[in-house]
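S.K.: Take a look at the following structure, please.
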Amino acid sequence: MSLLDALRHRLRPLFRRHEFDQEMDEEFRHHRELERQEFPGGGPRFGSQAYYKEETRQVTALGWLDVLGQDLRYAWRNLRRTPAFTGVAVLSLAIGIGANTAIFSLIYSLLLMPLSVSHPEQLALLRHSGPDLPNDQFSFREYQALRQAPGFMSLTALGSGGDVPVTVGGLHTSVSVDAVDGAFFATIGLEPGAGRLITAEDERTQTPVVVISDGLWTEWFNRAPDAIGRTITMGRTAFTVIGVAPKSYQGLEYPGSFAAAVPLSTLPLLGGTALEAAAAADSARLEIVGRLRRPADLAGMAKRLDATYRSCCMTAARASGVELASIEHGIPLFKFDIKALFGRLLLELLGAAGVVLLAACANLGTLLLARASARERELAVRLSLGASRRRLAIQMLVESGLLATLGALAGVVMAYWALHLIGHRLPDLAVGRAGLTLTGEVLGFTALVAALSVLLFGAVPAWRATRTNLIGSLNEGGRLSAGRRAGWLDRSVVVGQVALALVLVNGAGLFVATLRNLHAVRGGFATDRTVSTQLDARGTAYENAGLASLMEPLLSGAARIPGVRSATLSASVPVFGGRRLDAQLVIEGYTPGPDENMRGWLNAVTPGFFTTLGIGLPRGRDFTDNDRAGQQVAIVNEAFARQYFRDRNPLGSTVRSLIGSDTTLLQVVGVAGDARFGDLRQPPPPMIYVPLAQFTRIPVLGRIPVLVLTVRTLGDDRATPGALQNVVLTEAPGLRARATATIEASMDGALNRETLAAQLATLFGAVALILAGVGLYGVVSYRVAQRTREIGVRMALGANASTVVWMVLKQALVLVAIGVLLGIPLAFGGGRAVAAGLYGLAGQNGFFVLGAGVLLAGVALVASALPARRAAQVDPLIALRAD
């Protein structure tokens, strides 16, 4: 017999099952006939034919697959017979698995997903190791020198062309443009989605070409193939579209969004500074990215690169070395590090989703235990017909696996919906980077969770199937005997559900209270009728002169907007953001401690800043236009006055600030109210305000590249953001104006993390309460059904309805009390685990634990009310006759 014939023969039982069964039946009839001939007067000695047929199938090739098919068909028929049980079970699992899938999808997308380029683990970003800001920006001269450093497969640079006006057909818009050198796309390992990408020849010849994103290809050209080769007007120059980036590419920043890229050498065509002029001015506006030959040698390569930098590029103005940082997951944005903002919260929410899954599995385990008890006679009959206990256990696990599969499928659908709802609570950049999609890795995680769920809720019922008492179950005639012998098991599961619910309800209370406390924080500034927009001159024609040169036209243009009461420019604005500036301080009459940090926050502002932002000025005066020349002045906030002046009057005092190598004497002319510029959880830091016109005379910071334009309106401010954008386009063409928003919206955005935590924690807590209630209802109802005869006897002996009701309610309350007692240490532990994300709740955890316990007691009363009412209506005569 050939190998192919042997294989066909071994696989025949799988694909020709009916024919194989007929042959087995014929073989068994032959053996029966031989048995009768050999033992004509004796009984049958051959044994169970069904048992031997089962064993024969299992020893055939791929017999396990045949057995699995039988078990799946049998499980599906059983689940179809009980649609109510199946629906509750699938819904419970869908909630638990869906919650874990949704949270893990966010964790993978925002924390774990690598850049969508070739071998992202080889990419590294060069950064300054000193305090220079921004510390990942280099000059073109430095880039040229560092390109000779050994150890890199290739080195590339990218800068920003700013927000550039674009005309496509009849559409007028603006897009953010990256300026990249010719080796950029080859270095990062990106393949085009269509057309080609920028090359060294494009940069060398200063060819006006552009690579656009997949989104712009869709928006501008409806994904037409002939878009490659067409021209668009960027600024005042026609650029040829040569390629489309793949849809998965969102730039190297994390999170970020890619729109378009042009060669570095074409920056002058967009109103930027030529690279040669930038090199002569030694202006720092390039990010340098390299591809390492050996990623494991990151530290060693950084040391060699630092030595190269110190020998070629060290200057008095930039007295720092360089270091390397892996960017496998992207370059964190300077102001928006999503890992720091959401990393811990997402891990905490994944833990809460895991608790929800445990509660769902406990609930389903209770239902399966009751179902196994109801099927005891069926299992006993199957045992008596020759089925092994191991075979029954496997069949029960297959049924549990089918339930988990259905629950996982429904859970994926729930997770997909949930991700889009959660997306409204994530910053736009994070949503763009994450995409909120269910990737292969996420679906693999879902399959793992489903398999774990089978072990959690299916193992005990399967074990119970192997413990079935054959004689006792058949003699009981189908009555639920095992429930009386193993009632402790389902009650233990309910106790565990209550303990888990206590943890989640307590966590929900803590997060909701945190959100309430943060909303109640007095920020020290006005949130209504105030609109801000961030101006960025980096990579534009205004970079060398600095934004201070645009003060007059921008403020005048903003003041002409209908409904605007006042306007101001500043380096930073409360909650909205901006550029943090700091300096080493020496305060007149104050002696610092031996290890005291004397670095303080500075904010450069124009006159009217405090009025526009609604920050009080209880002492002294505001800045005026007369502060442009003469003695440099400053206004300090109350936190600064309390820390450094204490009982002394700060007005007229002198503060010496050291910024870089420049020393400035500032005379305090006013004291402003405290305003929270950063995290609302933190107290206002000591801050010095200086006039922007005087601040720009400091050489190191004279060309300040980023400012915030803020206006205060008289009434409705809905049209103001668009009007501010128009002012910038009119008064400073080519200047980037982004992140325009009201301070009120910025406040909501600042609390997005806490709002998301409160909403999801509340949802998880509510689900846990429902599952605990369903579990209690199932156990109490089951126990009432088992004790029907006992209840009838009690009522026949004189017990009234209220006594029976209290007997049932007491059973539920005892289970809840035990669960609460077991859950209290878990709840306190959970509170300590999330303490870093809480605010204003020191010492209050016990109050929320007590509240959660009372709420669970209420749920127990509601869940057991219907079984208690049913028990009180038992007719003693009918109950006694039934047994």
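S.K.: So which helices (runs of 4 or more DSSP H) are wholly in segment 703-799 and hold at least 2 residues that are open to solvent by less than 20 Å² (accessible area, probe 1.4 Å), hydrophobic (A, V, I, L, M, F, W, C) and modelled with pLDDT of 85 or more?
M.R.: 720-731, 752-786
S.K.: Based on this model, can you work out whether Ser116 counts as touching a Leu at 6+ places or on another chain (Cβ under 9 Å) and open to solvent by 30 Å² or more (accessible area, probe 1.4 Å)?
M.R.: Taking the combined requirement at face value, the residue satisfies it.
S.K.: Another question about this same structure. Kindly provide the set of residues from segment 545-575 that are among the aliphatic types (A, V, I, L, M) and either in contact with a His (Cβ under 8 Å, 6 or more places away or on another chain) or assigned to a helix (DSSP H, G or I) (or both), ordered by number.
M.R.: Leu547, Ala548, Leu550, Met551, Leu554, Leu555, Ala558, Ala559
S.K.: Inspect segment 137-157 for any residue being without any contact (Cβ under 8 Å) to a residue 24 or more places away in the chain, among the charged types (D, E, K, R) and in contact with a strand residue (DSSP E or B) (Cβ under 8 Å, 6 or more places away or on another chain) and give the result as yes or no.
M.R.: Yes, the conditions are met somewhere in segment 137-157.
S.K.: Could you please find all residues in segment 234-256 being modelled with pLDDT under 90 and either within 21 Å of Pro165 (Cα to Cα) or part of a loop (DSSP other than H, G, I, E, B) (or both)?
M.R.: Met234, Gly235, Arg236, Thr237, Lys247, Ser248, Tyr249, Gln250, Gly251, Leu252, Pro255, Gly256
S.K.: Kindly state which strands (runs of 3 or more DSSP E) lie completely within segment 594-684 and contain at least 1 residues that are open to solvent by 10 Å² or more (accessible area, probe 1.4 Å), farther than 30 Å from Leu518 by Cβ and modelled with pLDDT under 90.
M.R.: Where strands (runs of 3 or more DSSP E) fall fully within segment 594-684 and carry at least 1 residues being open to solvent by 10 Å² or more (accessible area, probe 1.4 Å), farther than 30 Å from Leu518 by Cβ and modelled with pLDDT under 90, they are 654-659, 662-672.
S.K.: Return the residues of segment 800-814 that are assigned to a helix (DSSP H, G or I) and open to solvent by 60 Å² or more (accessible area, probe 1.4 Å); say none if nothing qualifies.
M.R.: Scanning segment 800-814 gives Ser802, Thr803, Trp806, Lys810, Val814.
S.K.: Those residues that are in contact with a Ser or Thr (Cβ under 6 Å, 6 or more places away or on another chain), under 15 Å from Pro691 (Cβ atoms) and of a type in the set (S, T, N, Q), I need them from segment 559-573; list them, please.
M.R.: Thr568 - this is the single residue of segment 559-573 that is in contact with a Ser or Thr (Cβ under 6 Å, 6 or more places away or on another chain), under 15 Å from Pro691 (Cβ atoms) and of a type in the set (S, T, N, Q).
S.K.: Which one of the conditions (1) touching an Asp or Glu at 6+ places or on another chain (Cβ under 8 Å); (2) modelled with pLDDT under 80; (3) open to solvent by 50 Å² or more (accessible area, probe 1.4 Å) does Met314 fail to meet, given that it meets all the rest?
M.R.: (1)
S.K.: Only one of these conditions is not met by Gly290: (1) at pLDDT 80 or above; (2) outside any helix (DSSP H, G or I); (3) open to solvent by 20 Å² or more (accessible area, probe 1.4 Å). Which number is it?
M.R.: (3)
S.K.: I need the full set of residues from segment 135-159 which are touching a Ser or Thr at 6+ places or on another chain (Cβ under 8 Å), within 18 Å of Gly189 (Cβ to Cβ) and among the small types (Gly, Ala, Ser), in order please.
M.R.: Ser154
S.K.: Scan segment 548-574 and report the pairs whose first residue is open to solvent by 30 Å² or more (accessible area, probe 1.4 Å) and whose second residue is of a type in the set (A, V, I, L, M, F, W, C), with Cβ atoms within less than 6 Å and a gap of 6+ or a chain change.
M.R.: Leu555/Ala567; Ala559/Ala567; Gly563/Leu714; Arg565/Leu714
S.K.: For the structure I just gave you, tell me whether Gly407 is buried (at least 23 other Cβ atoms within 10 Å of the Cβ), at pLDDT 80 or above, of a type in the set (Gly, Ala, Ser) and within 30 Å of Val442 (Cβ to Cβ).
M.R.: When the stated conditions are applied, Gly407 passes them.
S.K.: In segment 529-547, which residue that is among the polar types (S, T, N, Q) and modelled with pLDDT under 75 is surrounded by the most Cβ atoms within 10 Å (Cβ to Cβ)?
M.R.: Within segment 529-547, the match that is surrounded by the most Cβ atoms within 10 Å (Cβ to Cβ) is Thr540.
S.K.: Now a separate question. Please identify the pairs in which a residue from segment 260-271 that is more than 14 Å from Ala157 (Cα to Cα) has its Cβ atom under 8 Å from the Cβ atom of a residue that is among the basic types (Lys, Arg) and surrounded by 21 or more Cβ atoms within 10 Å (Cβ to Cβ), counting only partners at least 6 apart or on another chain.
M.R.: Going by the 8 Å Cβ cut-off, there are no qualifying pairs.
S.K.: Ok, one more. Looking at this structure, is Gly792 over 27 Å from Leu368 (Cα atoms) and in contact with an Asp or Glu (Cβ under 8 Å, 6 or more places away or on another chain)? Lay out the reasoning, then the answer.
M.R.: Numbers: over 27 Å from Leu368 (Cα atoms): yes; in contact with an Asp or Glu (Cβ under 8 Å, 6 or more places away or on another chain): yes.
Spelling it out, Gly792 is indeed over 27 Å from Leu368 (Cα atoms) and in contact with an Asp or Glu (Cβ under 8 Å, 6 or more places away or on another chain).
S.K.: Quickly run through segment 862-883 and pick out the residues that are open to solvent by 30 Å² or more (accessible area, probe 1.4 Å) and modelled with pLDDT under 70.
M.R.: Residues satisfying the conditions are Asp875, Pro876, Leu877, Ile878, Leu880, Arg881, Ala882, Asp883.
To keep it simple, each residue is scored yes or no on (1) farther than 30 Å from Pro683 by Cβ; (2) not hydrophobic (A, V, I, L, M, F, W, C).
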residue: Ala761; (1), (2): no, no
residue: Ala766; (1), (2): yes, no
residue: Leu769; (1), (2): yes, no
residue: Ala799; (1), (2): yes, no
residue: Thr803; (1), (2): yes, yes
residue: Ala812; (1), (2): yes, no
residue: Gly819; (1), (2): yes, yes
residue: Gly823; (1), (2): yes, yes
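S.K.: Residues being under 13 Å from Ala260 (Cβ atoms) and open to solvent by 40 Å² or more (accessible area, probe 1.4 Å): count how many of those fall in segment 209-234.
M.R.: Residues that pass the stated criteria total 3.
The rows are residues; the columns are (1) open to solvent by 30 Å² or more (accessible area, probe 1.4 Å); (2) modelled with pLDDT of 80 or more; (3) in a helix (DSSP H, G or I).
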{"position": "Val67", "(1), (2), (3)": "no, no, yes"}
{"position": "Gln70", "(1), (2), (3)": "yes, no, yes"}
{"position": "Tyr74", "(1), (2), (3)": "yes, no, yes"}
{"position": "Arg77", "(1), (2), (3)": "yes, yes, yes"}
{"position": "Val90", "(1), (2), (3)": "no, yes, yes"}
{"position": "Ile107", "(1), (2), (3)": "no, yes, yes"}
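S.K.: Further question: Name the residue, out of Val241, Val210, Val262, that is more than 30 Å from Gly300 (Cβ to Cβ) and more than 34 Å from the chain's Cα centre (by Cα). Steps first, please.
M.R.: On the way: Val210 fails: more than 34 Å from the chain's Cα centre (by Cα); Val262 fails: more than 34 Å from the chain's Cα centre (by Cα).
Of the residues listed, the single one that is more than 30 Å from Gly300 (Cβ to Cβ) and more than 34 Å from the chain's Cα centre (by Cα) is Val241.
S.K.: Related question: Cβ-Cβ distance below 9 Å, separation of 6 or more or different chains: which pairs start in segment 585-608 with a residue that is more than 30 Å from Met551 (Cβ to Cβ) and end on one that is among the charged types (D, E, K, R) and outside any strand (DSSP E or B)?
M.R.: Gly589/Arg648; Tyr590/Arg646; Tyr590/Arg648
S.K.: I would also like to ask the following. How many of the residues in segment 728-769 are in contact with a Pro (Cβ under 8 Å, 6 or more places away or on another chain), under 20 Å from Asp679 (Cα atoms) and among the small types (Gly, Ala, Ser)?
M.R.: Residues meeting the conditions: 2.
The values are calculated or read from the model by the stated rules, or taken from the named source; none is laboratory data. Here the structure is a predicted model, which means the values were calculated and not measured. Quick reminder, even Gly has a Cβ in these numbers, built from the backbone with ideal geometry, and neighbours come from all protein chains shown. To get the accessible areas, we keep the full protein, side chains included, count just its heavy atoms, and leave off ligands, DNA and RNA. Shrake-Rupley method; radii C 1.70, N 1.55, O 1.52, S 1.80 Å.
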